[in-house]
Amino acid sequence: MSAEEQQRNLLKLREIATELGIDLFSSTRIDNGLREGIHRCIRELSVSLDNAVVIGMRLSEPVLQTVVTAPTWTYYYHYRIVNMALDQAVLRLSGECQRMGYRSLPIPASQILDWERLRAHVSHRELGARAGLGWWGRNNLLINERFGAQVRYASLLTDLTLPERGSDTVTDGCGDCTRCIPVCPVGAIQKDPAAFKLDRCAAQLRRFARDEKLNTMICGLCLKACYGEHRMHPATEGSTT
Ligand code: B12
Ligand code: SF4
Ligand code: SF4
């Protein structure tokens, strides 16, 4: 397929995504390095479905303002509805790939397959970084230049050839910023993203799920601290509701 055709395919999918409220959109190729991290239930499939589309939806800043010391019911509902919107968008894009005569596998925004190791089908963060949507932040999240960590992601795998984008992955995008380090209640965030203490974070999210009666492992504190170019409104940054 020519580069022009690949670009046309990408634009067609991007147009649909934009109509569905998607803020970030890109694509990348699944190479052997990425394939190693893919869950065994779809690893074989990813050999032929070796193009990935990654989409992102920005979270609402006022919703995040309700998160001050713990996740709130307001944040919980937003988390759920954004996941649903992403899943619907990926479904639409996947259907479009199939109508164009290609195969496509939609990957859920947030479905854990392996509860012991806390792993899903693929890492949207890793795909997003490869697709040029952001960098690996100190808080272990994918940080987008415009929206910081305040974006949720989903992806799909397809045999429709798309342009290889963002191969120039940003490595040290955080620069001098350390804003998220002190907000973590369990000190999970370190200067070096690779030193992130996942065990501490996961234990705290289990406590939040139980104590806040959310029955879901969410938090929101290090997301709120990482807002990219769009600063939180200064008058309300620390307010409670
Ligand atoms: C299971 C899970 C968790 C587990 C922990 C999983 C883990 N291993 O980190 C728990 C329940 C603790 C958790 C917590 C949170 N999660 Co979570 N989680 C997931 C889920 C469903 C699967 C992750 C997975 O399979 N990881 C497997 C490993 C191999 O991949 P990885 O951890 O992403 O990255 C590893 C390597 O890939 C490598 N790496 C190589 N290149 C890169 C590039 C980047 C950018 C990164 C970050 C890493 C990385 O380093 C990592 C360590 O080995 C994903 C959705 C998905 N399918 O991706 C959401 C997801 C990662 N979670 C998300 C969020 C927002 C959260 C929370 C803030 C909770 C909340 N919603 O309030 C916290 C943040 C914790 C933190 N600071 O990391 C978002 C992240 C968005 C973003 N902007 O980055 C995701 C992508 C969901 C979504 N649909 O957007 N999560
Ligand atoms: S999600 Fe919460 S507990 Fe985990 S690193 Fe971020 S602030 Fe800390
Ligand atoms: S708040 Fe600053 S240090 Fe933390 S991940 Fe975001 S940009 Fe990096």
Residue satisfying condition, being open to solvent by 50 Å² or more (accessible area, probe 1.4 Å), away from ligand 1 (no atom under 11 Å from the Cβ) and more than 24 Å from C184 (Cα to Cα), within set R146, R92: R92
- request: Looking only at the stretch 115-127, count how many residues are closer than 17 Å to F196 by Cβ and assigned to a helix (DSSP H, G or I).
  value: 3
message: Condition first: without any contact (Cβ under 8 Å) to a residue 12 or more places away in the chain and part of a loop (DSSP other than H, G, I, E, B). Now tell me which residues in the stretch 178-217 satisfy that.
response: K197, K213, N215
- line: Expected single match for within 16 Å of ligand 2 (Cβ to nearest atom) and assigned to a loop (DSSP other than H, G, I, E, B) among R146, R152, R138 is R138
- request: State yes or no: is G173 assigned to a loop (DSSP other than H, G, I, E, B) and more than 16 Å from ligand 2 (Cβ to nearest atom)?
  value: yes
message: Here's a check for you: in the stretch 190-211, which residue that is within 12 Å of ligand 3 (Cβ to nearest atom) and farther than 29 Å from I30 by Cβ is least open to solvent (accessible area, probe 1.4 Å)?
response: Q190
- request: Can you give me the number of residues within the stretch 172-184 that are in contact with a helix residue (DSSP H, G or I) (Cβ under 8 Å, 6 or more places away or on another chain) and either among the β-branched types (V, I, T) or loosely packed, with under 15 Cβ neighbours inside 10 Å (or both)?
  value: 1
- line: When every residue in the stretch 149-167 that is over 29 Å from E4 (Cβ atoms) and not basic (K, R) is compared, the one surrounded by the fewest Cβ atoms within 10 Å (Cβ to Cβ) is A149
Residue within the stretch 98-121 that is at positive phi and away from ligand 2 (no atom under 16 Å from the Cβ) present: yes
query: Out of all the residues in the stretch 161-177, is one or more more than 10 Å from ligand 3 (Cβ to nearest atom), of a type in the set (D, E, K, R), under 28 Å from S104 (Cα atoms) and in contact with a strand residue (DSSP E or B) (Cβ under 7 Å, 6 or more places away or on another chain)?
result: yes
field: Wholly within the stretch 4-69, helices (runs of 4 or more DSSP H) carrying at least 2 residues that are more than 16 Å from ligand 2 (Cβ to nearest atom) and open to solvent by less than 50 Å² (accessible area, probe 1.4 Å)
entry: 32-36
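Test of understanding: among L214, L142, L205, L156, which residue is touching a Cys at 6+ places or on another chain (Cβ under 6 Å) and closer than 30 Å to C41 by Cβ?
L205
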field: Checking R119 against (1) under 18 Å from I16 (Cβ atoms); (2) more than 12 Å from the chain's Cα centre (by Cα), the condition it does not meet
entry: (1)
statement: Taking the stretch 149-160 and keeping only residues that are near ligand 1 (Cβ under 7 Å from one of its atoms) and of a type in the set (D, E), one is left with none
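The values are calculated or read from the model by the stated rules, or taken from the named source; none is laboratory data. Small disclaimer: the values here were computed from a predicted structure and weren't measured. Because the Cβ atoms are built from the backbone with ideal geometry, glycine has one as well, and the counts that use them run over all protein chains shown. Areas reflect the complete protein model, heavy atoms only, side chains present, ligands, DNA and RNA absent. Shrake-Rupley method; radii C 1.70, N 1.55, O 1.52, S 1.80 Å.
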